[in-house]
There are 2 protein chains.
Amino acid sequence: MDLTLKPIGHVRSPLTNREAAPKQGSEGAPEAWIELDPMYAPALLGLEAGGRALLITWLHQGERDVLQCHPRGDKNRPLRGVFATRSPDRPNPIGLHEVTILEMRPSEAGAPARLRVHPLEAIDGTPVLDIKNVDRQPAG
Amino acid sequence: MDLTLKPIGHVRSPLTNREAAPKQGSEGAPEAWIELDPMYAPALLGLEAGGRALLITWLHQGERDVLQCHPRGDKNRPLRGVFATRSPDRPNPIGLHEVTILEMRPSEAGAPARLRVHPLEAIDGTPVLDIKNVDRQPAG
């Protein structure tokens, strides 16, 4: 079974280190660009500026051998299993981010397609794994 | 950069093939068990029966080279990019499932820890990648 991820693109963000990034998009995270590998541009059909989307990322600075942590890094709070938290430190550091698509630019001659989104707490260079319809109702 | 997933466990479900499975958990999906590799049991600390959790799975029967599809397999509907759908056919077939934890059983002497959850449309044998706090507010 193939369990190797293929990044579909990368985050371009003014956030450049994990310590400076908000812990959640809702905590004041900035706009960011998603640069999509041109080969995946056909998979964007139907997404539109103004719409909502769920981004799935690979939090590449996450520590994969951490099983318990203090929520929000606050040592006054009791240890919890990482599966009961949203910590980026976990066996498979997959990030989920519900965003608004502010702008879409098509790819040109091998250059990436670009999506401007808000808010996004993932740092610059974070691999993007997937984009999904955010509709909770059946859509595909 | 390591982009290889480590399954933390597997789905045990009465659903055994993709064609028979509901497209969404909310469409009549059954209960299922999550069998968790014993090494990850410490990461469950803080999860409780009765709580909600977000499961992340690897939809191992998804076709990774599909970029566009007819939503819900309905050829009367216009083609959409897979990133505008919830189709399991996509470059990285990651599944998201919001469930209620009905029961938790600790691991015993190398046997898996088990979580009984509902509803889950993923089929028997689906690798589980992650469990996250479903709280949209900051929690870890």
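Checking the a/c ratio against 1.5 first, then a/b against b/c, what shape does the Cα gyration tensor give for the protein assembly as shown? Note, shape of the protein assembly as shown comes out oblate. Here the relative contact order of segment B:1-110, from alpha carbon pairs under 8 Å that lie six or more residues apart, stands at 27 percent. Per the rotation superposing chains A and B, the chain A residue found at the smallest beta carbon distance from the axis is A:4, 3, distance in Å.
As a proxy for reagent exposure, B:48, B:103 were ordered by neighbouring Cβ count within 10 angstrom, fewest first; the result is B:48, B:103. The distance linking segment B:75-95 with segment A:52-112 is 22 Å (Cα centroid to Cα centroid, whole angstrom).
Using the Karplus equation 6.51 cos²θ - 1.76 cosθ + 1.60 (θ = phi - 60°), what ³J(HN,Hα) coupling, rounded to whole Hz, does each residue of segment B:15-27 give in order, writing x for Gly and Pro? Ordered by residue, 3J(HN,Hα) equals 7, 10, 9, 4, 5, 8, 7, x, 6, 9, x, 6, 9 Hz. For segment A:84-104, backbone nitrogen atoms closer than 17 Å to the point 7 Å from residue A:52 Cα along Cα-to-C-beta are found at A:96-103.
Would you please classify the overall shape of segment A:1-66 from the alpha carbon gyration tensor, given that a ≥ b ≥ c denote the square roots of the eigenvalues, rounded means a/c under 1.5, and beyond that prolate means a/b larger than b/c while oblate covers the rest? Oblate, because a/c is 1.5 or more while a/b does not exceed b/c. Close amide H contacts of residue B:113 (hydrogens built in the peptide plane, cut-off under 5 Å, sequence separation of 5 or more or a different chain): B:36, B:107.
Exceedance of the 30 Å cut-off in Cα-Cα distance is limited, within the set B:75/B:132; A:23/A:132; A:132/B:6; A:75/A:132; A:23/B:75, to B:75/B:132; A:75/A:132; A:23/B:75.
Given springs between every Cα pair under 10 Å in a Gaussian network model of chain A, which of A:125, A:25, A:73 has the largest fluctuation? It is A:73.
GNM on chain A, alpha-carbon springs under 10 angstrom: the most fluctuating residue among A:97, A:70, A:118 is A:70.
Rounded to the nearest Hz, the phi-derived 3J(HN,Hα) couplings of segment B:41-50 under the Karplus curve 6.51 cos²θ - 1.76 cosθ + 1.60 (θ = phi - 60°) are 4, x, 7, 8, 3, x, 7, 9, 4, x, where x marks glycine and proline. Taken one residue at a time, the phi angles of segment B:104-113 give Karplus couplings (6.51, -1.76, 1.60, θ = phi - 60°) of 10, 10, x, 6, 10, 6, x, 6, x, 5 Hz. Gly and Pro are set to x. Considering only A:128, A:117, A:82, the mean-square fluctuation computed in a Gaussian network model of chain A, springs between alpha carbons under 10 angstrom, is largest for A:82. Here the simple spin-label model places points 7 Å from the Cα toward Cβ, and for residue B:4 and residue A:31 these points are separated by 4.0 nm.
No lab work stands behind these numbers, since they all come straight from the coordinates. Computed from a predicted structure; not experimentally measured. FYI the Cβ positions are ideal-geometry reconstructions off the backbone, even for glycines, and counts take in every protein chain you see.
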